[in-house]
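To keep things clear, I will list the structure first and then write my remarks on it.
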Amino acid sequence: MIPVSKEPSHHIRFDNGRVRVYNVRVPAGKWTEFHEHTWDNFFVFIIPTTQDYEFSDGRKGTREVKAGDVGFSSTATGPYTHRVTPRSEPLHVIDIEILNNAKLGSDSAAKRPESFKIVLENLRGRAYDLLLKPGQSTSLFTRAPNTGIFVVLGGRVSETPEGKAPRLWDSEPGDFRWSDLPERLTLTNNSPQDERFVEIELF
């Protein structure tokens, strides 16, 4: 058994001392090593697959996942150790650990427009799914501090902070960004195809 940070399929993409983000890629038919998760973590599936999993205590199972599915694993009762394998399609997951299980933000974040669909909410955070058609924009909304932004379908999006010039973000599926500070802004899809994001506000 090894810590998740040493598991060969888990590649650290971001670490600011408060959260750590892993890009996880596992080929079809290959098992990860048994690895221990010490902190609460949210994770976003980037591509659909069938996943088998096994815990060190013998529990095991299978689940079907879709692109954009969001999950959460708690360590409230202690660390857990598991391994996973995808069947016919590779596994691509972006995982964000809340280091030291610290409280990061506020559980009273501003309400977002209806275009943001709440897909998971608990005491540690709130996850939104956002799909933008070509040329579509959100209305003005507040992005809370300590928010992770996960790309499911990439392209070019313009973010326009209130009273400021737009900024462009070219992205690919699996890209990740972290936002430390609250911000009022709109998002516009500048691509000829759909763009999809998951945003997770950490509490």
| message | Within region 154-184, take every residue that is among the basic types (Lys, Arg) and closer than 17 Å to ILE200 by Cα and give me the one that is least open to solvent (accessible area, probe 1.4 Å). | response | ARG177
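Just to be sure before I move on: is ILE118 open to solvent by 10 Å² or more (accessible area, probe 1.4 Å) and either at pLDDT below 95 or not polar (S, T, N, Q) (or both) in the structure I sent?
Details: open to solvent by 10 Å² or more (accessible area, probe 1.4 Å): yes; either at pLDDT below 95 or not polar (S, T, N, Q) (or both): yes.
Against the criterion (open to solvent by 10 Å² or more (accessible area, probe 1.4 Å) and either at pLDDT below 95 or not polar (S, T, N, Q) (or both)), ILE118 qualifies.
Assess whether ARG59 counts as being open to solvent by 10 Å² or more (accessible area, probe 1.4 Å), modelled with pLDDT of 95 or more, under 19 Å from the mean Cα position of the chain (by Cα) and not polar (S, T, N, Q).
Working: open to solvent by 10 Å² or more (accessible area, probe 1.4 Å): yes; modelled with pLDDT of 95 or more: yes; under 19 Å from the mean Cα position of the chain (by Cα): no; not polar (S, T, N, Q): yes.
Criteria not met by ARG59.
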| query | Are any of the residues in region 138-152 at pLDDT 95 or above, open to solvent by 50 Å² or more (accessible area, probe 1.4 Å) and under 30 Å from PRO166 (Cα atoms)? | reply | yes
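Every residue in region 1-37 that is of a type in the set (Phe, Trp, Tyr) and without any contact (Cβ under 8 Å) to a residue 60 or more places away in the chain, please.
First, pick out the residues of region 1-37 that are of a type in the set (Phe, Trp, Tyr): 14, 22, 31, 34.
Hits for region 1-37 are TRP31, PHE34.
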| task | Test each condition in (1) closer than 18 Å to VAL21 by Cβ; (2) over 13 Å from the mean Cα position of the chain (by Cα) for PHE43 and report the one that comes out false. | result | (2)
| said: For the condition open to solvent by 20 Å² or more (accessible area, probe 1.4 Å), of a type in the set (Gly, Ala, Ser) and within 18 Å of the chain's Cα centre (by Cα), what is the one hit in SER74, SER88? | reply: SER74
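The values are calculated or read from the model by the stated rules, or taken from the named source; none is laboratory data. This structure is a prediction, so every number in the text was calculated from the model and none was measured. Note: ideal-geometry Cβ built from the backbone for every residue, glycine included; neighbour counts use all protein chains shown. These area figures cover heavy atoms from the full protein model, side chains too; ligands, DNA and RNA do not enter into them. Shrake-Rupley method; radii C 1.70, N 1.55, O 1.52, S 1.80 Å.
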